[in-house]
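Have a look at the structure below before the remarks.
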Amino acid sequence: MTRARCRDPSPEAALSRTIAFRASPAEQAQAALAVLTERHGQTPDYAADVIVALGGDGFMLETLHATQSLNLPVYGMNCGTIGFLMNAYAEDGLEARLDAAVEEVINPLAMKATTTGGQIVQGLAINEVSLLRAGPQAARLRILVDGRERMAELVCDGALLCTPAGSTAYNYSAHGPILPIGSDVLALTAVAAFRPRRWRGALLPKTAVVRFEVLEVAKRPVMADADGKSVRDVLTVEIRSEPAIRHRILFDPGHGLEERLISEQFT
């Protein structure tokens with residue numbers, strides 16, 4: 001993770017900045033889009049200097065995935081519910097906020113899932129890759145890290161591997177740890193583990209390659225999900241961090257991911 005100012009904060013730079021606004025279908029986000037494009041104009045993504053996303057965390061993830069090839073910073077304004085990845089919404093002062101914004105760079109996880117039918121499905125996840133039981137019985141998973149077996153059998157409702165940016169999402173709900181931004185670790189967390197009954201997971205280096213193998217796949221089917229891209233009847237799932245892809249997220253000073261991750265632990 002790295003931090004930097006969005007752009008040159010000089011008045012000339014602010015005047016020349018072009019903005020691509022993207023909004024979720026939600027009524028509040030569409031209303032904000034109308035107001036802000038009336039004030040600042042609208043530029044296509046490919047020609048913009050910065051993208052402003054209007055919506056909630058789900059829409060921010062959608063925007064980051066959709067624009068990752070452009071290498072543009074994305075500044076989110078919350079028009080949804082939680083908005084962990086978003087800044088507060090305000091109609092006024094957008095140029096000044098963009099000038100002062102602090103940039104944080106995160107790398108997604110790359111998922112490679114093989115199904116029982118032999119299909120290979122790949123996906124990227126900014127938050128987490130999760131495996132979940134797809135039937136009435138608990139899943140049985142074998143876990144390998146960098147090719148070495150670390151757990152012969154985990155009986156559970158599921159398991160997930162998350163980035164620091166995603167550690168306050170599903171991972172936190174599953175009682176996983178909150179990871180400081182810049183810690184260069186990933187969290188492997190069990191979902192409702194039955195055996196080992198008290199196993200809550202592990203912290204792994206960011207460079208680790210994690211492989212899940214599904215045991216008794218016909219009797220205990222499992223699905224995998226990478227930021228909403230779901231794959232059913234998986235046989236194996238391999239996950240690694242993808243350093244070649246850099247998502248640039250802008251935050252108001254003092255309200256970046258690191259501060260939010262710390263604050264979340266005291267609420």
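The values are calculated or read from the model by the stated rules, or taken from the named source; none is laboratory data. The structure displayed is predicted, hence computed values, not measured ones. Every residue, glycine as well, gets a Cβ built from its backbone with ideal geometry; the counts of neighbours run over all protein chains shown. Just so you know, the surface numbers come from the protein's heavy atoms only, side chains and all, with ligands and any DNA or RNA stripped out. Shrake-Rupley method; radii C 1.70, N 1.55, O 1.52, S 1.80 Å.
Observations on the structure shown:
- Computed from the Cα positions only, the extents of the range 103-230 along the three principal axes stand at 46, 34, 27 Å, in decreasing order.
- Across the chain, the relative contact order, built from alpha-carbon pairs under 8 Å that are at least six residues apart, equals 21 percent.
- Angle between the chain longest axis and helix 57-66 axis [Cα atoms, degrees, rounded to 10]: 90
- Shape summary: the range 104-166 maps onto an equivalent ellipsoid whose semi-axes, from the alpha-carbon gyration tensor, are 22, 15, 14 Å in decreasing order.
- For the chain, the convex hull spanned by the alpha carbon atoms encloses 132 Å³ per residue.
- Note on the range 112-207: with neighbouring protein chains present and a 1.4 Å probe, carbon and sulfur make up 49 percent of its accessible heavy-atom surface.
- A straight line joining the Cα centroids of the range 72-92 and the range 122-184 runs 27 Å.
- Options 126, 141, 101, ranked by Cα towards positive dipole end of the range 100-153, top entry (Cβ charges): 141
- Values of log10 I(q)/I(0), in the order q = 0.12, 0.18, 0.19, 0.20 Å⁻¹, for the range 35-179 under a Debye, Cα-only, solvent-free model: -0.65, -1.15, -1.24, -1.34
- Whether the range 167-267 is rounded, prolate or oblate, judged on the alpha carbon gyration tensor where a/c under 1.5 counts as rounded: prolate
- For the chain, the longest principal axis of the C-alpha atoms and the axis of helix 27-40 are separated by about 40°.
- Size of electric dipole in the chain: Cβ of Lys, Arg +1 and of Asp, Glu -1, about Cα centre, debye, nearest 20: 1320
- Think of the chain as having a plus end and a minus end, set by charges on the Cβ of Lys, Arg, Asp and Glu; of 40, 230, 164, 230 sits farthest toward the positive end of this dipole.
- The range 85-225 - percent relative contact order, Cα under 8 Å, separation 6 or more: 25
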